[in-house]
Each structure stands twice: as structure tokens, then as C-alpha cells.
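A.B. asks: Just dropping this structure here.
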Amino acid sequence: MTLAKPLAGGLPIGVGLVTEKVASAINYGDHGTTFEGGPLVCQAALTTLDKIQKPAFLPEVAKKGENFKQLLSAKLSGSKHVKEFRGIGLIVGIELDVPAGPLVDACLDAGVVVLTAGKGNVVRLVPPLISEKELEQAAEVIRDCLPALDAFRS
């Protein structure tokens, strides 16, 4: 199994996990990666692992994710282009009835980083571990950028 950026809180790292049988068949240097393990990113990974092992951490992320989806639903549900909100934890998708590109561009111009997913009609939100207030601000920016979708012609 491979692990990457989330392991080090977004810093570039790559890790391969193998069974004991596979480990016994490979030697140091048989496999490498561009971002395998400098001291800075390894410390970030250890810090990340310490944080996610705390019993309250994952339930808090799940709660923030649910709150974020509810907030987005409340602020964006009036848009004729928004079809569905979905996701797990703080990974949220907003399905649209038009390509998401104009909304993505408008959000980026307004300082909120979002991406497309799926067939290009889903806005993908993967915020860092930020406060409820910052999630509300992001939802407001997305709401304010929705008119960018009205210019789309199919």
C-alpha cells in the first residue's frame, strides 16, 4: 500500500507499506521515491500521526465535515445549478448541472482554492483542518461566486 501527502499534513512525502514477506524479498535501495523521507517531512508525518491518533480528532473532523455540508446546503441551495452535496469528513463535493470550471476560477480569484472532480461538473472541496469560522467564510465565497455559472452556455 502507498501513502502520500496527507501523511505529512500536505507536505510532499511518499511511503510504501509492505508485508513481512515482501519486506524480506527487497533490500535497501531497491525502490525509491522523489519525496521519500527528508527530516522535515518525516517530522511532519510523525506529528500528523500523533494528532490523528488522539481519540477526539477523527470525530471532530467528521463533525466539521457534516457541519460544512449543512452550511453549504443552506448557503447554496437556492442556486439552480447545485444538484447535490456529498462527501465524507472534510472531503466535500458539490455536484452541478453545468461544468464547474467557471465557479472554480471565480473561487480561486476570490482566494478560495477548490478543484473539479468527476466529469468536471463537481466542485471538490478538501479544506485543511481549519476553524468553523473559516469554513463559513469559504461557503460565503463559494455562494458569492455562483453567478459565474450563469454565463455558461452548453
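A.B. asks: For SER73, indicate whether it is assigned by TED's automatic domain parsing to the domain that holds LEU125, within 30 Å of LEU146 (Cβ to Cβ), surrounded by 12 or more Cβ atoms within 10 Å (Cβ to Cβ) and touching a residue at least 40 places away in the same chain (Cβ under 8 Å).
C.D. replies: No.
A.B. asks: Test GLY37 against the criterion of being surrounded by 10 or more Cβ atoms within 10 Å (Cβ to Cβ) and either more than 18 Å from the chain's Cα centre (by Cα) or not assigned by TED's automatic domain parsing to the domain that holds LEU7 (or both), and give yes or no.
C.D. replies: Considered against the rule, which asks whether it is surrounded by 10 or more Cβ atoms within 10 Å (Cβ to Cβ) and either more than 18 Å from the chain's Cα centre (by Cα) or not assigned by TED's automatic domain parsing to the domain that holds LEU7 (or both), GLY37 comes out as yes.
A.B. asks: Please go through the range 25-34 and pick out each residue that is in a loop (DSSP other than H, G, I, E, B) and either in the same structural domain as ILE130 (by TED's automatic domain parsing) or loosely packed, with under 12 Cβ neighbours inside 10 Å (or both).
C.D. replies: ILE26, ASN27, TYR28, GLY29, ASP30, HIS31, GLY32, THR34
A.B. asks: Kindly check whether there is at least one residue in the range 45-52 that is in contact with a Pro (Cβ under 6 Å, 6 or more places away or on another chain) and touching a residue at least 24 places away in the same chain (Cβ under 8 Å).
C.D. replies: No; the residues of the range 45-52 include none that is in contact with a Pro (Cβ under 6 Å, 6 or more places away or on another chain) and touching a residue at least 24 places away in the same chain (Cβ under 8 Å).
A.B. asks: So if I check each of ILE91, ILE142, which one is surrounded by 14 or more Cβ atoms within 10 Å (Cβ to Cβ) and closer than 20 Å to PRO6 by Cα?
C.D. replies: ILE91
A.B. asks: From VAL18, VAL22, grab the single residue that is over 23 Å from the mean Cα position of the chain (by Cα), exposed (fewer than 14 other Cβ atoms within 10 Å of the Cβ) and assigned to a helix (DSSP H, G or I).
C.D. replies: VAL22
A.B. asks: Checking the conditions here, which among PRO12, PRO99 is in the same structural domain as ASN121 (by TED's automatic domain parsing), part of a loop (DSSP other than H, G, I, E, B) and not small (Gly, Ala, Ser)?
C.D. replies: PRO99
A.B. asks: Could we say that ILE94 is under 23 Å from LYS119 (Cβ atoms), assigned by TED's automatic domain parsing to the domain that holds ASP144, modelled with pLDDT under 95 and not polar (S, T, N, Q) here?
C.D. replies: no
A.B. asks: Run down ALA62, ALA56 and say which single residue is loosely packed, with under 10 Cβ neighbours inside 10 Å and either under 28 Å from VAL123 (Cα atoms) or of a type in the set (Gly, Ala, Ser) (or both).
C.D. replies: Of the residues listed, the single one that is loosely packed, with under 10 Cβ neighbours inside 10 Å and either under 28 Å from VAL123 (Cα atoms) or of a type in the set (Gly, Ala, Ser) (or both) is ALA56.
The values are calculated or read from the model by the stated rules, or taken from the named source; none is laboratory data. As the structure is a computational prediction, the values presented were derived from the model and not from experiment. Don't worry about glycine lacking a Cβ; one is built from the backbone with ideal geometry, like all the others, and counts go over all protein chains shown.
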